[in-house]
């Protein structure tokens, strides 16, 4: 068994020397370093999830109903607040804002509750920039 391994290794080394003549060439080193740096910067700038708040204002069984409601909500809420449609199987839910602190969420909730009486402040995972 060890003789077979020795012969295989010898042939591999000899064949490698013949094929590449023992030289190792690094191709596009700068491009690889730039790509790695870009990946690191992107990772550090990406959003991450924290436990925060959103204000729930509606739930619908179809996307078209939710989008229609979103347009109506934005007419009432803009420019101060903007709504988002989130698919939470099996329903489409309409939320206002993403708030990392209770203080921010409470202030927005008071305003939104005046326009949407069934609004609820919901504690949930939200995306924020890493530097926040």
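The values are calculated or read from the model by the stated rules, or taken from the named source; none is laboratory data. Given the structure is predicted, the values throughout are model-derived calculations rather than measurements. When we count neighbours, we look across all protein chains shown, and the Cβ atoms used for this are built from the backbone with ideal geometry, even at glycine.
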Output for segment 59-81, where each listed residue is farther than 14 Å from residue 108 by Cβ and part of a helix (DSSP H, G or I): 63, 64, 65, 66, 67, 68, 69, 70, 71, 72, 74, 75
Residues (touching a strand residue (DSSP E or B) at 6+ places or on another chain (Cβ under 8 Å) and closer than 20 Å to residue 70 by Cβ) located in segment 88-110: 91, 92, 93, 94, 95, 96, 97, 98, 99, 105, 108, 109
Every pair of residues 6+ apart whose Cβ atoms lie under 6 Å, when the first sits in segment 33-53 and is within 30 Å of residue 101 (Cβ to Cβ) while the second is modelled with pLDDT under 70 and surrounded by 10 or more Cβ atoms within 10 Å (Cβ to Cβ): 48/130
Output for segment 83-110, where each listed residue is within 13 Å of residue 53 (Cα to Cα) and assigned to a loop (DSSP other than H, G, I, E, B): 100, 101
